[in-house]
Structures are given as structure tokens and as C-alpha cells.
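A short worksheet on the structure shown next.
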Amino acid sequence: MQCLIAFDGLSSRDLPALLELLPRSRKLLANLSKHTVSYSLNSAQASWAELLTGVNLFSNGCAGYAHPTSSLNTLAVFTEADLLAVPKTIEPSSGSTVAVVNVPIILPRSRDRLWLADGSLPTNRLFSPSELSAESIFKSYLPRAYESHAGAARLPQMALVNRCIETESQRLLCVASLFQRKGLSKFVYRLSLFDQLAHLLGIRFLEAADLSSFGNLSNFLRELDDVVESFSAHGNLQMSFISNYSHEPCRATLNLNLVLAAGGFTQLADAQNLARASTQRMNVATAMWKPTVHNLTSLEGCLDTSRTAAASPVAGCIYINKRTVFDDGIVDDDNYLTVRGKVVSYLQNFLISQYGSSFEIEVHPSDFNKTKAPDLIVKIDGVEFQNLSASMAPITPLTTHVAKGFALLPERLNVAEQISATQLASLLND
Ligand SMILES: [Zn+2]
């Protein structure tokens with residue numbers, strides 16, 4: 001069996017501290033070969049889809065948890081049915097079953113996977129096949145620690161931290177139970193906890209032994225240690241550990257839509273229309289909310305699409321408002337390249353003036369992108385994108401994401417120290 005455990009949010013610099021806190025499985029982890037993993041695009045929110053499909057977001061269409069549907073003004077949660085490529089990394093071989101726990105994006109198309117949701121969908125508890133929800137062990141499974149943003153915002157910081165630890169601890173019980181199922185060929189478990197703590201406590205939190213939450217965290221890590229050790233006793237198992245993204249200190253936030261509006265590319269809706277859209281927008285934002293992850297703040301209904309040539313409804317992603325792709329699109333096919341070129345040069349000038357050279361703009365490789373994948377991806381080092389209107393003053397978070405991960409792989413795979421996500425995907429599929 002192929003078993004993959006994802007410590008998302010940690011960087012390779014966190015590994016020594018993590019190993020200290022996992023005394024029983026330390027030897028197992030230390031014996032694996034250590035690799036840094038790079039992604040083809042500088043976008044942490046696209047890293048899982050790249051690992052699952054082996055191709056980047058321009059080819060797999062997945063730019064994060066949400067994507068525009070019939071209009072740049074309507075967003076939906078991204079599911080497997082929206083992928084433009086097959087998620088090979090979690091495909092079962094014939095006659096076997098794959099178990100997937102808390103992996104972003106994937107609401108399975110079919111019943112051939114045992115799947116516990118990651119909390120990105122509006123319903124907090126969701127299983128596939130749905131019969132799993134009747135099993136007593138899964139009754140306690142909550143993919144995210146809170147039902148809503150509003151509820152979480154009322155909790156004091158340490159209560160939030162402890163709620164995240166409890167939720168992961170419950171998930172771990174479900175994981176241990178699922179692992180016992182017969183006929184599994186692949187098992188994938190992603191922890192949310194390290195990502196959440198990086199936002200709530202800042203980077204290098206594994207070394208912050210003086211924090212009052214540290215006792216609870218080390219108790220959880222003891223539980224994790226036991227589970228990893230018990231997995232390793234399973235015969236015929238290939239175990240790998242990865243992190244699909246890490247964190248860096250956040251120095252600023254930026255609303256790309258306001259930048260595009262200043263350049264004449266985006267027209268925000270007037271106050272009357274905004275008010276009308278705000279209830280719907282709040283519903284979507286609440287449904288998509290995960291603790292302090294700002295990727296999902298929604299722009300639902302905020303645009304005047306009849307006067308918008310390009311906008312950023314998903315954090316860091318810019319879409320040209322194409323007539324052939326969106327029902328209310330206004331950019332004709334003949335104009336696509338010109339508009340895209342204008343947006344790129346405008347953004348380049350703006351970003352150089354604000355951030356020097358610490359940014360990247362990736363452009364869709366084809367001359368006409370007829371898909372709902374974004375046309376441009378923007379990444380600015382240490383800057384968190386915040387799409388909501390300027391009147392909602394954004395709070396600068398402690399950390400933001402960076403598309404740099406690591407992999408601890410069986411030594412026999414014999415690969416270079418630095419590998420790409422595509423390489424990692426094919427190693428995990430062999
Ligand atoms: Zn994060």
C-alpha cells in the first residue's frame with residue numbers, strides 16, 4: 001500500500017523540531033530521503049491540484065478552493081468534476097480502494113474512494129460514499145473546526161488554537177480506523193493543523209515551547225506519533241510524508257481588484273448593487289471560510305461585469321472577462337491577446353513601483369485560453385491577496401503562503417534532492 005501523510009504548512013526548516021516531538025516515529029522519518037519540492041507556478045493554493053494531477057493549474061484548471069462559473073461574479077467551490085485533468089495520485093488501481101482524508105478540492109465523482117471532506121464545501125460534514133456518515137467512528141469527524149466565520153471570530157485566540165488541535169485529534173481517530181479497511185491500495189491523509197497554527201501563532205510554532213498551547217500541541221503530536229508508528233508496522237507499505245506549501249511572514253495585503261480598477265480594467269458595482277449582492281456574498285464567504293485562510297474571501301456580485309475586462313475573483317488569479325467563456329463576458333476572442341497584454345504590462349509597472357522585483361506574473365501558455373482556468377497568476381513575496389472592497393479594512397495576517405514544500409520518500413526511489421511536483425506525482429503513482 002502507498003501511504004501519504006501531508007504536513008501542509010510546515011517547511012523543511014521545521015523538520016528537526018517536528019522529529020523531536022515524534023520520538024517513536026523519528027527513526028522511521030529520519031531514514032527516509034529528504035527532498036525539497038518545487039511547483040511549476042508560484043501559487044501555494046494551486047499546489048495540491050498539481051500534485052494530484054501531475055500538471056499545473058493552467059492545464060488542470062484548479063486555482064484554489066473556488067472558481068468562477070458562468071460569470072466572474074458567481075463563484076463555486078472547486079470539485080473533482082471541475083478538474084480538466086485526471087487526479088492520478090488518488091486514482092485506485094483496478095479492484096482496490098483509495099482512502100482520502102482532508103485533501104483540498106476533491107469531492108469525488110464516483111464511489112470508488114473512501115473520502116472524508118476537507119471542510120471547503122458549504123456543508124461541514126460530508127463523506128463518500130455517504131454510508132460512512134452512519135458509522136459511529138465518523139460521527140465525531142468535523143473537517144473544519146468551526147461552522148462559521150462569525151462563530152470563530154468570537155472565540156479568544158487560545159480557544160481557537162485548542163479547537164483546531166481537538167478537531168485534528170478527532171480526525172486522527174477516524175484516520176486510524178479507516179486505515180484498517182481491507183483492499184486499500186492508497187491512503188492519503190492531510191493534516192490541517194500545522195497550516196492553521198502557522199496562521200494563528202506564526203512560523204516556527206513547533207519551537208515555541210513557552211506558549212500556553214504547547215502542552216496540547218505536544219499531546220496531539222504524541223497521538224500522531226503512535227498512529228504513524230502503528231501504520232509502519234503494516235506489511236507491504238510504502239510510506240511518504242510531504243508538505244505541499246509552507247508559510248512566510250506576511251508584510252502586507254493587496255486588493256488586486258482595486259489595482260485593476262485603478263487601471264480601468266475592473267469596474268466595481270455601485271453601492272446599490274453591492275448592497276443587493278452583499279447577503280449572497282456573505283453567505284458564500286461564510287460557507288467557504290477556513291480559519292484565517294483568506295484565499296476564499298468572495299467577490300460574489302461585486303463586479304459590474306458589463307464594464308469589466310479583467311478581474312480577480314479568486315485570490316492571486318486574474319481572469320479576462322471573455323465573451324466565449326462567461327455568459328456576461330465582454331472581451332471578444334480577437335481582442336483577448338491585446339487585453340491580456342495590456343493587463344500584464346499595467347500590473348508589471350504597478351508592482352515594480354510598489355514591490356521592486358519581489359513578484360511574479362505567470363501568463364497562460366496558450367494564445368487563447370478557452371477554459372475557466374485563470375489567464376494570469378500573480379504572486380508577490382510576503383503579500384496576502386484580499387479581494388473584498390477597500391471599506392472592509394483588511395488585517396495583515398501573521399503569515400502568508402509560499403509554494404515550497406518538502407517530501408520524505410523511501411530511499412529506494414533514488415531521486416535528486418530537489419524535485420518538481422510533477423516528478424513527485426509520478427513517483428507516488430508508480
Ligand atoms: Zn496557511
Identify which of A17, A134, A46 has the largest mean-square fluctuation in a Gaussian network model of the chain, with springs joining Cα atoms closer than 10 Å. A134
Pull out the extension gain between D367 and D210, defined as 0.36 nm times the separation in residues minus the alpha carbon to alpha carbon distance; nm, one decimal. 51.1 nm
Using Cβ contacts closer than 10 Å as the measure, can you line up I137, I106 from fewest to most? I137, I106
Ordering 347-360, 22-35 by per-residue average of other C-beta atoms within 10 angstrom, highest first, gives 22-35, 347-360
What residues of the stretch 188-212 lie in the reach of a label at T396, counting those whose backbone N is under 16 Å from a point 7 Å from the Cα along Cα→Cβ? 202-203
The chain, relative contact order in percent, only Cα pairs under 8 angstrom and at least six apart counted: 29 percent
Out of the trypsin sites (Lys or Arg not before Pro) in the stretch 198-252, which ones are loop residues according to DSSP with at most 15 other C-beta atoms within 10 Å? R204, R251
For a quick check: with amide H placed at 1.01 Å from N, whose amide H comes under 5 Å from V100's, ignoring anything fewer than 5 positions away on the same chain? L114, W115, L116, V188
Restricting the count to DSSP beta bridges whose residues both fall in the chain, what percent are antiparallel, rounded to a multiple of 5? 55 percent
In a Gaussian network model over the chain where Cα atoms closer than 10 Å are linked, find which of H67, H364, H199 has the largest mean-square fluctuation. H364
A269 long-range amide H proximity, modeled H, under 5 Å: L303, D304
With the contact rule set at Cα under 8 Å and sequence spacing of 6 or more, what percent relative contact order holds for the stretch 1-122? 16 percent
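Grab the beta carbon distance between I352 and R111, set R0 = 56 Å, and tell me the FRET efficiency rounded to 0.05.
After rounding to 0.05, the efficiency reads 0.65.
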Take the alpha carbon atoms of the stretch 1-70, find their radius of gyration, then divide it by 2.2 N^0.38 Å using N residues; give the quotient. 1.41
For the chain, what mean projected area does the convex hull of the alpha carbons give, in nm²? 20.3 nm²
Pick from S71, S11, S136 the residue whose mean-square fluctuation is largest in a GNM of the chain, springs joining Cα atoms under 10 Å. S136
Give the shape of the stretch 38-96 as rounded, prolate or oblate, defined through the alpha-carbon gyration tensor: a ≥ b ≥ c are the square roots of its eigenvalues, a/c under 1.5 means rounded, and otherwise the shape is prolate if a/b is larger than b/c and oblate if not. oblate
Scoring only Lys, Arg, Asp and Glu (+1, +1, -1, -1) among other residues with Cβ under 14 Å from the Cβ of G54 yields -2
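Each reported figure results from applying straightforward, stated rules to the coordinates on display, with no laboratory input. Just so you know, these numbers come straight off a predicted model, no measurement behind them. Don't worry about glycine lacking a Cβ; one is built from the backbone with ideal geometry, like all the others, and counts go over all protein chains shown.
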